[in-house]
């Protein structure tokens, strides 16, 4: 799963990317595309690894992508290039300035968020208009068109013409027939308010004004944290009464934003988190491990993480009747610890 990082100029996109991905800054980084895979922090994996002492522990990961600005002297071409680069992202992180300095006046996160959101809406409107133009030209020539697609694109145009992002209309945003359009304003968005060291740490005002989910971070502090030895970083956080870094929260929220959850497989060889979408059935979750397991699916032996850790072992959980056999239609729950029974010959 991939999240694209966007934002107005000088809002701190590079700072956030470097803090999230623990990568060093580079002078040329603003021009070049940057992408890195980030481990999703999960104390449940740590606990299970402590129980099973496996040879290998594998966490869930997310890819973060920061598009380069490019070198075109034309600002509009540069912006269009950026939008094209993030179109294949599954969701967007919108970094918003929440600090003064650098020639800027007082911050207005809600206004800045709306300004860039309007650019996303306009970029989508261009795509919708072009498609409608082609479809209606085919209609005039009596060529057969997909009428369902035609109606959906017209609905999208009406929403965009009204200045609303498509994500506010879930049925449109998730319509299978529109998937190939990769509409930017249809993607889930997490707003990250980049504050000064002593800035406002509440996103309540932003959320009530925009109706969007917001998180406040102190980007420069977070970037400094990743450069410290682990012990020093923990001491620093404790000094400010912070239980976890903002980056941990952003990564976890990113995972949730994508509608994802984890189930676990455990054993002496490996303890591993597997990523699936919320609402996935057991037979489809099996495919996350291997397609053969889905084809030969018989049953899923399931115990919840809470029950397993409370019991202390799989054997104890079974004695307590907490280990269940579930069929293909079972809807997986976040934190399920699973062993799939399957027959390859089926």
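Looking only at the range 251-286, which residues are out of contact with any strand residue (DSSP E or B) (no Cβ under 8 Å at 6 or more places or on another chain) and either surrounded by 19 or more Cβ atoms within 10 Å (Cβ to Cβ) or farther than 13 Å from residue 338 by Cβ (or both)? Explain how you work it out, then say what you get.
Step one: filter the range 251-286 for residues out of contact with any strand residue (DSSP E or B) (no Cβ under 8 Å at 6 or more places or on another chain), giving 252, 256, 267-268.
Those that are out of contact with any strand residue (DSSP E or B) (no Cβ under 8 Å at 6 or more places or on another chain) and either surrounded by 19 or more Cβ atoms within 10 Å (Cβ to Cβ) or farther than 13 Å from residue 338 by Cβ (or both): 252, 256, 268.
Say we look at the range 289-300 and pick out the residues that are surrounded by fewer than 16 Cβ atoms within 10 Å (Cβ to Cβ) and either free of Cβ contacts under 8 Å to residues at least 24 places away in the same chain or in contact with a helix residue (DSSP H, G or I) (Cβ under 7 Å, 6 or more places away or on another chain) (or both); which of these is farthest from residue 48 (Cα to Cα)?
Within the range 289-300, the first condition is being surrounded by fewer than 16 Cβ atoms within 10 Å (Cβ to Cβ), and the residues that meet it are 290-292, 295, 298.
Narrowing the set further to residues that are either free of Cβ contacts under 8 Å to residues at least 24 places away in the same chain or in contact with a helix residue (DSSP H, G or I) (Cβ under 7 Å, 6 or more places away or on another chain) (or both) leaves 290-291.
Working: 290: 22, 291: 25 Å.
In this case the residue turns out to be 291.
From the list 168, 179, which residue is within 22 Å of residue 115 (Cβ to Cβ) and at pLDDT 85 or above? Break it down stepwise before answering.
Values: 179 fails: within 22 Å of residue 115 (Cβ to Cβ).
Of the residues listed, the single one that is within 22 Å of residue 115 (Cβ to Cβ) and at pLDDT 85 or above is 168.
What number of residues within the range 140-156 are in a helix (DSSP H, G or I) and over 29 Å from residue 109 (Cβ atoms)?
First, the residues of the range 140-156 that are in a helix (DSSP H, G or I): 140, 147-156.
Checking which are over 29 Å from residue 109 (Cβ atoms) leaves us with 140, 147-155.
Residues in the range 140-156 being in a helix (DSSP H, G or I) and over 29 Å from residue 109 (Cβ atoms): 10 in total.
Hey, any hits in the range 230-241 for a residue that's in contact (Cβ under 8 Å) with a residue 12 or more places away in the chain and assigned to a loop (DSSP other than H, G, I, E, B)?
Initial filter on the range 230-241 (in contact (Cβ under 8 Å) with a residue 12 or more places away in the chain): 233, 237.
Subset that is assigned to a loop (DSSP other than H, G, I, E, B): none.
No, the range 230-241 has no match at all.
Identify the residue in the range 312-332 that is assigned to a loop (DSSP other than H, G, I, E, B) and touching a strand residue (DSSP E or B) at 6+ places or on another chain (Cβ under 7 Å) and, among all such residues, is nearest to residue 256 (Cα to Cα).
Our first condition is that a residue be assigned to a loop (DSSP other than H, G, I, E, B); within the range 312-332, this holds for 312-313, 320-323, 327-330, 332.
Restricting the remaining residues to those that are touching a strand residue (DSSP E or B) at 6+ places or on another chain (Cβ under 7 Å) gives 322-323, 327-330, 332.
On the way: 322: 27, 323: 27, 327: 26, 328: 24, 329: 23, 330: 21, 332: 16 Å.
Among those that are assigned to a loop (DSSP other than H, G, I, E, B) and touching a strand residue (DSSP E or B) at 6+ places or on another chain (Cβ under 7 Å), it is 332.
Residues checked against (1) modelled with pLDDT of 90 or more; (2) surrounded by fewer than 18 Cβ atoms within 10 Å (Cβ to Cβ); (3) closer than 23 Å to residue 112 by Cβ:
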| site | (1), (2), (3) |
| --- | --- |
| 14 | yes, no, yes |
| 22 | no, yes, no |
| 27 | no, yes, no |
| 46 | yes, yes, no |
| 59 | yes, yes, no |
| 78 | no, yes, yes |
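Among the residues of the range 249-277, what is the count of those that are within 13 Å of the chain's Cα centre (by Cα) and either in a helix (DSSP H, G or I) or in contact (Cβ under 8 Å) with a residue 24 or more places away in the chain (or both)? Give the steps one after another, and end with the answer.
Of all residues in the range 249-277, those within 13 Å of the chain's Cα centre (by Cα) come to 249-261, 275-277.
The next check asks that each one be either in a helix (DSSP H, G or I) or in contact (Cβ under 8 Å) with a residue 24 or more places away in the chain (or both); those that pass are 249-261, 275-276.
Here the count works out to 15.
Taking the condition closer than 26 Å to residue 61 by Cβ, in contact with a helix residue (DSSP H, G or I) (Cβ under 6 Å, 6 or more places away or on another chain) and modelled with pLDDT of 95 or more, does residue 303 pass?
Working: closer than 26 Å to residue 61 by Cβ: yes; in contact with a helix residue (DSSP H, G or I) (Cβ under 6 Å, 6 or more places away or on another chain): yes; modelled with pLDDT of 95 or more: yes.
Yes; evaluated as a whole, the condition is true for this residue.
I'd like the full set of residues that are closer than 18 Å to residue 254 by Cβ and either touching a helix residue (DSSP H, G or I) at 6+ places or on another chain (Cβ under 6 Å) or surrounded by fewer than 18 Cβ atoms within 10 Å (Cβ to Cβ) (or both), limited to the range 88-134.
We begin by selecting, within the range 88-134, every residue closer than 18 Å to residue 254 by Cβ; these are 88-96, 113.
Within the range 88-134, 88, 90, 91, 95, 96, 113 qualify.
Output the residues belonging to the range 206-238 that are closer than 25 Å to residue 100 by Cβ and loosely packed, with under 13 Cβ neighbours inside 10 Å.
208, 227
Give the residue that is surrounded by the most Cβ atoms within 10 Å (Cβ to Cβ), with candidates limited to residues of the range 167-205 that are in contact (Cβ under 8 Å) with a residue 40 or more places away in the chain and assigned to a loop (DSSP other than H, G, I, E, B).
For the range 167-205, the residue satisfying everything is 183.
The values are calculated or read from the model by the stated rules, or taken from the named source; none is laboratory data. All of these numbers come straight from a predicted model, not from anything done at the bench. All Cβ positions, even for glycine, are placed from backbone atoms using ideal geometry, and neighbour counts span all protein chains on display.
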